[in-house]
Protein chains: 2
Amino acid sequence: MKLHRLAVALVHHPVLDRRGDVVTSALTNLDVHDIARTARTYGVGRFYVVTPLAEQLQLLDRILGHWRDGHGAGYNPDRKEALSLVAGVPSLAAALDDWQRLCGAEPLPVLTAASRDGRLTFRDCARMLAQQPLLLVLGTGWGLAPELFQNGWPVLTPIRGAGSYNHLPVRAAAAIMLDRLGGQSG
Amino acid sequence: MKLHRLAVALVHHPVLDRRGDVVTSALTNLDVHDIARTARTYGVGRFYVVTPLAEQLQLLDRILGHWRDGHGAGYNPDRKEALSLVAGVPSLAAALDDWQRLCGAEPLPVLTAASRDGRLTFRDCARMLAQQPLLLVLGTGWGLAPELFQNGWPVLTPIRGAGSYNHLPVRAAAAIMLDRLGGQSG
């Protein structure tokens with residue numbers, strides 16, 4: 001299934017740090033590249049990088065500029081194609097606004113968390129996506145801050161492997177989620 | 001399903017570069033971390049980093065030492081646990097030898113390729129794994145060199161998303177493969 005009615009948001013604020021404090025995490029270049037490439041593979045509509053810090057948004061623009069228009073665009077057109085999905089926004093609300101504008105319908109945020117008891121199965125999430133645009137919300141650092149879970153938005157079931165170890169990189173979690181939602185497993 | 005009879009090999013030689021030449025690619029720190037964390041999540045038995053270059057194996061040892069025994073071990077015990085799966089080896093043959101020694105049975109290599117017509121489905125691969133130990137072989141750079149495909153080893157079906165774009169990071173491909181083989185999708 002093509003996921004063109006799905007957008008992904010990678011949130012750098014509000015997220016938790018290792019001590020459980022709410023912080024703004026720093027942009028990671030490789031998160032942007034990896035998740036853009038995976039999003040492009042699965043036909044995701046848009047990939048929002050969310051940070052309230054103006055300098056971080058400028059840094060993102062410089063990265064994107066290199067690959068979209070600069071030397072990188074000619075060197076690696078596949079990367080250009082993936083990074084064309086990326087938009088920097090100052091807040092989750094701004095991501096939702098932009099995604100609504102692009103879809104022409106109100107999108108529903110779907111939260112993700114490794115250590116919460118999320119109830120929305122991947123199968124049901126795929127069904128919801130046939131009905132309305134969704135925004136899949138991923139946290140950096142030690143995960144999305146609790147305040148985001150007080151909006152009544154659905155929370156995806158956590159990815160379970162073989163045991164209790166649940167420290168997937170957000171890049172890997174994004175890949176697994178998009179494959180479960182839109183991949184053609186055989 | 002716990003993948004304790006599966007090992008992963010990340011090959012830096014022989015692989016292709018962008019022009020299709022056979023080269024030795026450089027170790028990428030984040031490949032080691034990401035694939036180790038994903039492997040640990042799914043209960044994979046061992047993660048071999050394959051490079052014939054002695055200095056690259058020494059670099060790997062320094063990285064692993066930091067997280068296993070050095071400052072990183074106390075700072076991030078979850079990372080230590082993941083990186084304890086990693087072993088640097090000079091060749092795929094050395095990886096197979098070590099995995100056979102650990103399993104007490106001859107492992108079969110399973111190759112992966114984004115742009116070859118691999119026929120082994122993930123479902124059949126999971127069935128094979130119930131019968132014998134396997135070594136899942138991933139290429140860096142532009143993928144595993146053709147010579148590896150002349151051994152008669154099975155090749156996994158490529159990961160398909162929504163279209164023809166097939167430029168997943170190897171870190172993302174590894175995550176998707178392990179989830180398809182051992183994840184509890186819902």
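Listing for the model above:
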| read-out | value |
| --- | --- |
| In the range A:133-170, the residues that are open to solvent by 30 Å² or more (accessible area, probe 1.4 Å), touching a His at 6+ places or on another chain (Cβ under 9 Å) and either more than 9 Å from chain B (Cβ to nearest Cβ) or modelled with pLDDT of 95 or more (or both) | A:GLY141 |
| The range B:82-106 - residue that is within 14 Å of chain A (Cβ to nearest Cβ) and small (Gly, Ala, Ser) and, of those, least open to solvent (accessible area, probe 1.4 Å) | B:ALA82 |
| Top-ranked residue of the range B:156-176 - restricted to ones that are out of contact with any strand residue (DSSP E or B) (no Cβ under 8 Å at 6 or more places or on another chain) and touching a residue at least 60 places away in the same chain (Cβ under 8 Å), ranked as farthest from A:LEU30 (Cα to Cα) | B:ALA175 |
| Of all residues in the range B:4-27 being in contact (Cβ under 8 Å) with a residue 40 or more places away in the chain, out of contact with any strand residue (DSSP E or B) (no Cβ under 9 Å at 6 or more places or on another chain) and within 14 Å of chain A (Cβ to nearest Cβ), the one that is surrounded by the fewest Cβ atoms within 10 Å (Cβ to Cβ) | B:ARG18 |
| Pairs where the first residue, in the range A:110-125, is aromatic (Phe, Trp, Tyr) and the second is assigned to a loop (DSSP other than H, G, I, E, B), C-beta under 8 Å, 6+ apart | A:PHE122/A:THR157; A:PHE122/B:SER185; A:PHE122/B:GLY186 |
| Conditions (1) modelled with pLDDT under 95; (2) at the interface with chain B (Cβ under 9 Å from one of its Cβ atoms): number failed by A:ALA130 | (2) |
| Residue list for the range A:171-186, filter: buried (at least 18 other Cβ atoms within 10 Å of the Cβ) and more than 13 Å from A:ALA126 (Cα to Cα) | A:ARG171, A:ALA172, A:ALA173, A:ALA174, A:ALA175, A:ILE176 |
| Test result for B:ARG79, open to solvent by less than 70 Å² (accessible area, probe 1.4 Å), in contact with a helix residue (DSSP H, G or I) (Cβ under 7 Å, 6 or more places away or on another chain), of a type in the set (Lys, Arg) and modelled with pLDDT of 95 or more | no |
| Condition check for A:VAL32: assigned to a strand (DSSP E or B), in contact (Cβ under 8 Å) with a residue 24 or more places away in the chain, surrounded by 20 or more Cβ atoms within 10 Å (Cβ to Cβ) and of a type outside the set (Ser, Thr, Tyr) | no |
| Hey, B:GLY45 within 27 Å of B:ASP124 (Cα to Cα) and within 14 Å of another protein chain (Cβ to nearest Cβ) or not | yes |
| Test: residue in the range A:45-53 that is free of Cβ contacts under 8 Å to residues at least 12 places away in the same chain, of a type outside the set (Asp, Glu) and open to solvent by 50 Å² or more (accessible area, probe 1.4 Å) | no |
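The values are calculated or read from the model by the stated rules, or taken from the named source; none is laboratory data. Note that this is a predicted model, so its numbers are computed, not measured. Positions of Cβ are generated from backbone atoms using ideal geometry, with glycine treated the same way; all protein chains shown enter the neighbour counts. When the accessible area is computed, the model is the full protein with side chains, heavy atoms only, and any ligands, DNA or RNA have been set aside. Shrake-Rupley method; radii C 1.70, N 1.55, O 1.52, S 1.80 Å.
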